Amino acid sequence: MPNPTPETGDAEEIPFDKLREECGVFAVCGHPEASNIAYLGLYALQHRGQESAGIASSDGRLIHTYRGMGRVAELFTPEVLGGLPGNMAIGHTRYSTAGDTVLLNAQPFSVHCNKGRIAVAHNGNITNAAELRRELEREGSIFQASSDSEVILHLVARSRERTLAGALREALLQLEGAFSLVFLAEDRILVARDPNGFRPLAFGQMEFSGGHTCHVFASETCAFDLINAVYLNDVEPGEMVIVGPEGMTRERYAPLRDHSHCVFEHVYFSRPDSIVFGRPVQESRENLGRRLARECPVDADVVVPVPDSGTAAAIGYAAESGIPFRQALIRNHYVGRTFIEPSQAIRDFGVKLKLNPVRHLLEGRRVILVDDSIVRGTTSRKIVRMVRNAGAREVHLRISCPPTISPCFYGVDTPVPAELIAANHSVEEIRRFVEADSVAYLSLGGLREAVSDFNHDFCYACYTGNYPTELVNIDELMSARDRR
Ligand code: AMP
């Protein structure tokens, strides 16, 4: 029987200030099979992180946690789920970069402190976590992992407030940056979102046997679809929601601030079948493609998406331009970890493992290749070469967002500017690097319109370098990226 208690994992020492990001969170309160529901929720959120996953459940007295490296379906066998009893549960899926795949950082984190037993799962990146941790360590706190999420538990534990809600409120007000948080206590669930609302957090209701209902929370609404829950609205930026024995309370814990929803959730990260920040993602992506076709037309024979990230935008591009849409790159959906040596030669081979061209759709054709972004340019180059080697006469790369010129410090994995091709190169230089006949990007105005951002509610820092919060320790944040 697997051990459903916090694992010790690999004791390798990791520098704290590495950034972690790209996660999915889920919470359910008041369901007799809470951990099974959390499992299904995480299953639908798997795309938000495939390195590790975890569930913590409460039976009203004890918190049971199981975390592991790998995917949700592999980790949570019926046996493991059987060891996670109770009618409340939270869950987490996490992505991390190579070298940082330690079990110690898998979430939820759980502790037993003067506020009782609590567990937390976090999506986002707390930009002042390093300072907070230094301060806490100076005052005697001992940290187990290198994750910024652990800081939150220490702040809660040290608070002089008598109630958990009071301690959490005090802790949240000390945090800067991006956080969509789900907490589990012995008898309640607490969820909160940062005042800018960087990362999504949806709120829903689920009906189950005998006409009972319960509350559910998830990074994306696709998790609700799988469990037949109804999406009600979002946890508001700066809001804390508590569901416990007294029912549900919603309170604003922070003063109102301008919103900074991550536009990249709509461009790439979220699933197209989700509603994120109150907008259907598929609709945003098709709009991006339509605008791209208007802004960057080219005479060609076929529009081909880079699957899956470019598919919805390519549908929009084809519809707007009248050029036929063809799925001429086929993705192998079963590519997981390969157990072959990650030497450069094999890594170059990597794209072929994932994508294969349909030669008869490409041979002799002028191809518009649509993708959502170019980061380093290396994958794009391999795909352009693949399409050309399959017989395409011309390859025109169209990107459904502006050039990525700045790293994200709010929860999306982007490399340092030195590795971001658009931070240091013109579009013409990028074209030469990826070996395309032409390259064009959607404008910032086009992106804004595609997501209907008439009230300036989105963050575009990765395209502009204008960060919506003060980044006091930007050099430290930057060097944390450099070390990865
Ligand atoms: P490259 O040509 O190496 O810059 O890779 C571009 C590809 O990376 C595109 O297909 C994107 O969909 C994908 N991509 C962009 N941002 C991310 C991200 N944060 N995580 C994983 N893949 C990404």
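Using only the alpha-carbon atoms of region 185-225, report the extent along each of the three principal axes, biggest first, to the nearest angstrom.
Result, largest extent first: 39, 27, 11 Å.
Return P(r) of the chain (all Cα-Cα pairs; 10 Å bins starting at 0; whole %; ordered from short to long distances).
4, 20, 30, 25, 15, 5, 1, 0
What do you get for Rg/Rh of region 348-484 when both radii come from the Cα atoms and Rh is the Kirkwood radius? Present the calculation step by step, with values, prior to reporting the outcome.
Numbers: Rg = 16.9 Å, Rh = 16.5 Å.
With Rg and the Kirkwood Rh in hand, the quotient comes to 1.03.
Would you please give the residues with an amide H less than 5 Å from that of Gly177, counting only those at least 5 places away or on a separate chain, with H modeled from the backbone geometry?
Hits under the 5 Å cutoff: Thr127.
Relative contact order of the chain: what whole-number percent is it, with Cα pairs under 8 angstrom and at least 6 residues apart?
Working: 1157 pairs, mean separation 64.6, N = 484.
Reported as a whole number, the value is 13 percent.
Per Stokes-Einstein, at 10 °C and 1.306 mPa s, what whole-number D in µm² s⁻¹ belongs to region 20-269, with the Kirkwood radius over Cα pairs as the hydrodynamic radius? Walk me through the numbers before you get to the answer.
Details: Rh = 17.7 Å.
Diffusion coefficient, whole number: 90 µm²/s.
If you average the C-alpha positions of region 168-194 and of region 200-251 separately, how far apart do those two centres end up, in angstrom?
16 Å
What is the local net charge at Leu45, summed over the other residues whose Cβ is closer than 9 Å to its Cβ (Lys, Arg +1; Asp, Glu -1)?
For residues surrounding Leu45, the net value is +1.
Quick one: net charge of Ser58's neighbours, Cβ under 13 Å, K/R +1, D/E -1? Write down the numbers at each step before the final one.
Numbers: positive: Arg61, Arg117, Arg188; negative: Asp59, Glu186, Asp187.
Once positives and negatives cancel, what remains is 0.
Between helix 378-389 and the chain, what is the angle of the helix's C-alpha long axis to the longest principal axis, kept within 0 to 90° and rounded to the nearest 10?
With both axes taken from Cα atoms, the answer is about 40 degrees.
Which value, in Å², gives the accessible area per residue of region 281-456 when a 1.4 Å probe is used on the protein heavy atoms?
On a per-residue basis, region 281-456 sits at 46 Å².
Using R₀ = 41 Å, calculate the FRET efficiency as 1/(1 + (r/R₀)^6) where r is the Cβ-Cβ separation of Glu161 and Val375; round to 0.05.
So, using R0 = 41 Å, E works out to roughly 0.45.
Suppose each label sits 7 Å from its Cα in the direction of the beta carbon; what would the Asn424-Ala319 distance come out to in nanometres?
The modelled label-to-label distance comes out at 3.9 nm.
First select every other residue whose beta carbon is under 12 angstrom from the beta carbon of Glu320; then total the charges, Lys and Arg +1, Asp and Glu -1.
Net charge around Glu320: +2.
How big is the gap, in Å, between the Cα center of region 61-132 and the Cα center of region 366-402?
Between the Cα centres of region 61-132 and region 366-402 lies a distance of 38 Å.
Using the Cα gyration tensor of region 402-449, with a ≥ b ≥ c the square roots of its eigenvalues, what is the shape: rounded (a/c below 1.5), prolate (a/b larger than b/c) or oblate (neither)?
Since a/c reaches 1.5 but b/c is at least a/b, the shape of region 402-449 is classed as oblate.
Taking only the alpha-carbon positions of region 94-196 and ignoring solvent, what does the Debye formula give for the base-10 log of I(q)/I(0) at q = 0.16, 0.18 Å⁻¹?
For region 94-196 at q = 0.16, 0.18 Å⁻¹, log10 I(q)/I(0) is -0.66, -0.85.
How much accessible area per residue does region 109-249 have, in Å², with a 1.4 Å probe? Please list the in-between numbers first.
Details: 5080 Å² over 141 residues.
Value returned for region 109-249: 36 Å² of accessible area per residue.
The values are calculated or read from the model by the stated rules, or taken from the named source; none is laboratory data. Remember, predicted model here, so these are calculated numbers, not experimental data. Because the Cβ atoms are built from the backbone with ideal geometry, glycine has one as well, and the counts that use them run over all protein chains shown. Each accessible area value is taken on the protein alone, full model and side chains, heavy atoms only, with ligands, DNA and RNA left out. Shrake-Rupley method; radii C 1.70, N 1.55, O 1.52, S 1.80 Å.
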